[in-house]
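Comments concern the structure below.
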Amino acid sequence: MNDRIRKLLLQIETLKRELQTVLKEQEQEILYRVEGTRIEFEDKLKQTHQELKEGVFSWLRSSEPRNVLSAPFIYGMFVPVLFMDLSLTLYQQVCFRLYRIPRVSRKEYLVFDRHHLAYLNLIQKINCVYCAYVNGVISYAREITSRTEQYWCPIKHARKVADPHERYLYFVPFGDAEGLQRREEALRDALSKEEMPSDRSSDQEPPKS
């Protein structure tokens with residue numbers, strides 16, 4: 001990995017952290033605070049939320065038929081997603097222990113807090129909980145599989161990948177046989193420490209994953 005690529009990757013990491021900070025500051029302007037598992041809004045805002053809440057029957061009457069017809073297909077995905085959730089948890093508990101890879105914290109990916117919003121009716125809250133679960137499981141799966149790929153096959157593709165995971169940027173270029181031999185163990189060692197190495201020969205401190 002040359003110096004230019006290494007610098008660009010470090011800049012990307014820095015910009016991502018800055019963006020997260022700015023977005024968090026913007027959210028806090030809405031005047032809410034997190035207390036344990038609860039989220040509290042200021043009284044004036046809570047009153048506004050209650051006034052904006054639409055009843056279940058009124059909401060159903062205004063729903064488009066196509067949205068209602070699609071509901072069984074959306075919720076029918078719960079079973080395969082649940083199976084994937086359980087399978088991945090079992091997989092990493094067994095395999096990651098054998099590989100000496102830190103296990104992915106499931107609770108960091110499955111976040112449920114939208115049900116605290118008073119302007120959502122019961123059906124909307126259920127929908128939000130379901131969406132949070134499915135998207136959380138998929139993000140959880142992405143991190144588990146990316147760690148597995150770094151351990152077993154840290155090689156970039158010859159073709160363009162639409163949305164590669166963050167670890168992919170540090171993989172060995174396609175066709176670089178010597179690079180794979182030189183860096184495979186380094187990538188595995190870094191994975192056990194939750195780091196993203198650039199190269200064994202680099203003195204640059206690797207960014208944290």
What are the residues in segment 72-108 that are under 15 Å from the mean Cα position of the chain (by Cα) and open to solvent by 70 Å² or more (accessible area, probe 1.4 Å), if any? Arg103, Arg106, Lys107, Glu108
Filter pass, Ile101 being closer than 30 Å to Phe57 by Cα, touching a Phe, Trp or Tyr at 6+ places or on another chain (Cβ under 7 Å), of a type outside the set (Lys, Arg) and modelled with pLDDT under 95: no
So if I check each of Ile138, Ile144, Ile123, which one is at pLDDT below 95, β-branched (Val, Ile, Thr) and assigned to a helix (DSSP H, G or I)? Ile123
The one condition in (1) open to solvent by 60 Å² or more (accessible area, probe 1.4 Å); (2) touching an Asp or Glu at 6+ places or on another chain (Cβ under 8 Å) that Ser146 fails to fulfil: (1)
What number of residues within segment 54-71 satisfy the criterion of being open to solvent by less than 70 Å² (accessible area, probe 1.4 Å) and assigned to a loop (DSSP other than H, G, I, E, B)? 3
Tyr119 more than 30 Å from Arg183 (Cα to Cα), open to solvent by less than 50 Å² (accessible area, probe 1.4 Å) and among the aromatic types (Phe, Trp, Tyr): no
Quick one: what pairs do we get from segment 174-192, first residue crowded, with 16+ Cβ neighbours inside 10 Å, second among the charged types (D, E, K, R) and assigned to a helix (DSSP H, G or I), C-beta under 8 Å, 6+ apart or different chains? Leu191/Arg147
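The values are calculated or read from the model by the stated rules, or taken from the named source; none is laboratory data. Fair warning: this is a prediction, and the values are worked out from it, not measured in the lab. Positions of Cβ are generated from backbone atoms using ideal geometry, with glycine treated the same way; all protein chains shown enter the neighbour counts. Just so you know, the surface numbers come from the protein's heavy atoms only, side chains and all, with ligands and any DNA or RNA stripped out. Shrake-Rupley method; radii C 1.70, N 1.55, O 1.52, S 1.80 Å.
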